[in-house]
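Have a look at the structure below before the remarks.
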Amino acid sequence: MARELGQDELIDRWTLVEAELAMVAGKRGATRLGFAVLLRFYTEHGRFPRSRSEIPDAAVDYVARQVGVPVTELAFYDWSGRTIEFHRSQIRRTLGFRECSVADADKLTEWLVTTVTQTERGAERVRDQLLDRCREERIEPPTGGRVDRIVRSALHRGEELLFARVAIRLSEAVRVRLFALVAAGADDDGQPGGDGDGPAVLASIRSDPGNVSLNTMLTEIAKLEAVRAVGLSAGVFADIAPKVVAAWRARAAVEAPSHLRGHAPEVTLALLAALLHCREREITDTLVELLISTVHRINARAEVRVTKELIKEFKRVTGKENLLFRVAEATVNAGDQLVRDTVFPVAPQAVLADLIAEFKSSGPTYQRTVKATLKGSYTNHYRTGLIKLLDVLEFRSNNTTHRPVLDALELITRYASAGNLHYYPAGEHIPVHRGLSEDWEALVYKDDKRRRQRVVRMVYEVCTFQALREQLRCKEIWVVGADTWRNPAEDLPTDFEDGP
């Protein structure tokens, strides 16, 4: 059904120009009006209307007034037969268009395959591109059914070319590992069975992460190692549109191993490669998020634990300033008198004990206690996963200002398996970064038995992970192979440095 048209659209699209008025000059009545309507419709759409219902009534009325024929005359125009065929032929010849032949259809299909369907996979978008191409080539578009067949053929052939392009880039060893992921010997849902464990590995890779915990971290690390063990090269999808790769990844994520191995080899390889390529980035993002959440959790739980301990002793003391002034005044004026005779009459012992407890729960002592508790929680539980993260994640920065944290991570990795080493070796260079400030400094630097200042290894690791967390969140440090946590320079337009 034709849509309603506004006055501006009528004038813009349905006004007959001088050459068109000349074409209808020799015609009369219904023939004159029908020809004029066909001409304007064809000029705007590059095709003829399939029926009278495609032409808005407002457009017919507007054209009728231009050609001086009553609008009712269109009811007598024959929409099938020799007259309309002659009119169509005359309009095509005048405007330089031709009907779509078999050769034209083949040529259009080839054009779609080579220039459109290897990047655009949406049927509607491909159809629009086809119709635009017909207009450029001055070809009258074929019927709707034939257009649909051309689009389907182009989409299929374009995807086949992409499958073949990806498959040929895979080494024989990678192909073997990919086929092993869907080898027979497992149930269709990917659960292990028979002799092969490849489908079980595939099921693990496709699974979602659990809640924030050490076990989840270790599981995700195992997934990432399994993906990398396949050995996909970084450039396997270099010139494949990201949305095409994402569509393949989504398809491979839901198909059972039996369905995946039922495709042609090139299809199976491309789908599995797309799944692993995308999952590597997704799992890397998950691990970064687990690192950030875990470091935050360690600190939060340490604060809760210390607060619970101190709250038992805590009783807020009101009028602290006046009380301290009175104690100081009494002490200065006391001379050699005893504390119990001078201070306690002004500030009872119980009130002073409450004042001490309040200071511990809010001042530097509280913070140092929290950090000492945090260090114990890290050492006894979370360190295993966080240290292992350093083996699978590669951290980088675009600013040398943040280099000390990266150097600190290299130091931690180097001594990660040093057993019960309490201090870093005396001659080792210890990178100093922003995390070693305030209360951490008193815990990181300690004197050994020979009164030499040393760096406590576990405390240094804790404050380094906290500094890493903050710089990751600010994108000052990024992760190689991640998506959300990728190099922030990749988020800029390619011509950003060129300026406006």
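Listed values, structure above:
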| item | result |
| --- | --- |
| DSSP-assigned coil residues among GluC sites (Glu not before Pro) in region 209-305, each with at most 14 further Cβ atoms within 10 Å | none |
| Rounded FRET efficiency, nearest 0.05, which uses the C-beta distance separating Ser293 from Ala229 and R0 of 30 Å | 0.70 |
| Portion, in percent, of the accessible area of region 1-129 that falls on carbon or sulfur, probe 1.4 Å | 51 percent |
| Modelled FRET efficiency - R0 25 Å, Asp104 with Arg50, Cβ distances, 0.05 increments | 0.80 |
| Cβ-derived FRET efficiency at R0 56 Å, Ala164 paired with Lys27, nearest 0.05 | 0.50 |
| 5 angstrom amide H check on Tyr423, placed H, neighbours 5+ away | Arg457 |
| From phi via Karplus (6.51, -1.76, 1.60), per-residue ³J(HN,Hα) for region 287-298 in Hz, x at Gly/Pro | 5, 5, 5, 5, 4, 4, 5, 5, 4, 5, 5, 4 |
| Extension reserve of the Thr484-Glu441 stretch, reckoned as 0.36 nm per residue once the Cα distance is removed | 12.2 nm |
| Long-range amide H partners of Arg454 with built H, under 5 Å | Lys446, Asp447, Asp448 |
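The values are calculated or read from the model by the stated rules, or taken from the named source; none is laboratory data. Nothing here was measured: the structure is a model prediction, and the numbers come from that model. Don't worry about glycine lacking a Cβ; one is built from the backbone with ideal geometry, like all the others, and counts go over all protein chains shown. For accessibility, only protein heavy atoms count, side chains too; no ligands or nucleic acids. Shrake-Rupley method; radii C 1.70, N 1.55, O 1.52, S 1.80 Å.
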